[in-house]
1. How many residues, within region 38-49, are over 14 Å from residue 28 (Cβ atoms) and part of a loop (DSSP other than H, G, I, E, B)?
2. Out of the residues in region 74-99 meeting the condition of being more than 13 Å from the chain's Cα centre (by Cα) and surrounded by 11 or more Cβ atoms within 10 Å (Cβ to Cβ), tell me which one is nearest to residue 14 (Cα to Cα).
3. Those residues that are surrounded by fewer than 12 Cβ atoms within 10 Å (Cβ to Cβ) and in contact (Cβ under 8 Å) with a residue 24 or more places away in the chain, I need them from region 47-72; list them, please.
4. Return the residue satisfying two criteria in turn: it lies in region 50-79 and is touching a strand residue (DSSP E or B) at 6+ places or on another chain (Cβ under 6 Å) and not in a helix (DSSP H, G or I), and of such residues it is nearest to residue 17 (Cα to Cα).
């Protein structure tokens, strides 16, 4: 019998700053191995503090996202791994319930 956890896709939370709109953007990449049944959503924040509050509300430990927040402060994009539940709590992932 195969391990069900091994069949779960890997998700990356992508954070960046959009200098044109001055907003902070969170999105998700669905990396591997199952990519069907999911769709990513872009979420916009007015302040970096709002991003941090959303990460905390999703129960993501600060040591997991601190490098990403530092990179975004420096004007760079950064990603870190998240699980299915965290992506859904961040409102950056939708699942296709018709499957």
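Any read-out appearing in this document is the output of simple, stated calculations on the displayed coordinates, not a laboratory observation. Everything numeric here is computed off the predicted structure, so don't read it as measured data. Cβ sites come from the backbone with ideal geometry, for glycine too, and all protein chains shown count toward neighbours.
1. Of the residues in that region, 2 qualify.
2. Residues of region 74-99 that are more than 13 Å from the chain's Cα centre (by Cα), as a first pass: 74-76, 95-99.
If we keep only those that are surrounded by 11 or more Cβ atoms within 10 Å (Cβ to Cβ) as well, we get 76, 95.
On the way: 76: 11, 95: 18 Å.
Among residues in region 74-99 that are more than 13 Å from the chain's Cα centre (by Cα) and surrounded by 11 or more Cβ atoms within 10 Å (Cβ to Cβ), the one nearest to residue 14 (Cα to Cα) is 76.
3. Matches in region 47-72: 57, 59.
4. 77
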